[in-house]
Amino acid sequence: MPALIAPTAALHASWLESRDEWGRGVHQDGAGLREVDDVDSPDGFAAWVTRLNEAEKQAPEGWVPCSFRWMVEGDRYLGAIALRHELNDFLLEAGGHIGYGVRPSARGNGLAGWALAAILPEARALGLPRVLVTCNPDNAASARTIERNGGVLEDVRDTELGTVRRYWITL
């Protein structure tokens, strides 16, 4: 059974395997990874994990508070989901409250839908009346995932991230 957990340095090797499946330098939605993060060295990875966990209470400059969770099964990292506690202008336009990504070898098993459903109670506990979730218009699987979790399409718009489908989920 999969679980959502706080990021942990104990999964360094499995996380690196997942990163290599995505490809080095490829953006992973929901991961909170920046180009400057050193995730290859154990110390750098631990520092990144610490930053992710601290983001719930103290967001880095230019970011909003965010709860990062990892999808895992046993000691295997499967993906990430991020719950942003509020929206700034950029997130309202393009990024949304929730972003998620599943490692390529774990896709097609309903994991994203399970993780999205599992994070919604956390959003509700934050007092959010609804959450914005976006996806690429060409990503039919993600659109279905959002819709199955109650997402109602507001619009499709051009943003600085490109064209996005914008859905609201009432909590």
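Calculated mean residue ellipticity at 222 nm for the chain: -8500 deg cm²/dmol, from DSSP H runs with n ≥ 4 weighted as -39500 (n - 2.57), summed, divided by the residue count and rounded to 500. Over the chain, Cα pairs under 8 Å with separation of 6+ residues give a relative contact order of 19 percent.
If one takes the longest principal axis of the Cα atoms in the chain, at what angle in degrees, from 0 to 90 and to the nearest 10, does the Cα axis of helix 12-22 lie? Computed tilt is about 50 degrees. Only the Cβ atoms of Lys and Arg (+1) and of Asp and Glu (-1) were treated as charged; on that basis the dipole of the chain about its Cα centre amounts to roughly 600 debye. Normalised by residue number, the volume inside the convex hull of the Cα atoms of segment 12-106 is 99 Å³ per residue. Positive end of the dipole of the chain (Cβ unit charges, origin at the Cα centre): among V49, L78, F90, the Cα lying farthest that way belongs to L78.
Before anything else, pin down the relative contact order of segment 1-52: Cα pairs under 8 Å, at least 6 apart, normalised by residue count, whole percent.
Rounded, it is 41 percent for segment 1-52.
Computed from Cα positions, the angle between helix 42-54 and the longest principal axis of the chain comes to roughly 30 degrees.
Taking the longest Cα principal axis of the chain as reference, the axis of helix 111-125 is set at about 70 degrees. Local charge for G25 was computed over the other residues whose Cβ lies under 15 Å away, with Lys and Arg +1 and Asp and Glu -1, and equals -4. Percent of C-alpha pairs per 5 Å bin in the chain, short distances first: 1, 8, 18, 22, 22, 17, 9, 2, 0. Spatially, segment 116-171 and segment 1-32 are offset by 22 Å when compared through their Cα centroids.
Rolling a 1.4 Å probe over the protein heavy atoms gives segment 23-109 an accessible area of 50 Å² per residue. Judged by the ratio a/c of the largest to the smallest principal axis of the C-alpha gyration tensor, segment 29-77 counts as oblate, that ratio being 1.5 or greater while a/b is no larger than b/c. Round to a whole number: what % of the accessible area of segment 82-152 belongs to carbon and sulfur, probe 1.4 Å? Accessible surface attributable to carbon and sulfur in segment 82-152 totals 50 percent. Looking at the square roots a ≥ b ≥ c of the eigenvalues of the Cα gyration tensor of segment 122-171, which shape do they give, rounded for a/c under 1.5, prolate if a/b is larger than b/c, or oblate? Judged from the Cα gyration tensor, segment 122-171 comes out prolate (a/c at least 1.5, a/b above b/c).
The values are calculated or read from the model by the stated rules, or taken from the named source; none is laboratory data. Keep in mind the model is a prediction, meaning the values are calculated, not measured. Cβ: placed from backbone, ideal geometry, glycine included. Neighbour counts: every protein chain shown. Accessible surface is based on the protein model in full, side chains and every heavy atom, while ligands, DNA and RNA are left aside. Shrake-Rupley method; radii C 1.70, N 1.55, O 1.52, S 1.80 Å.
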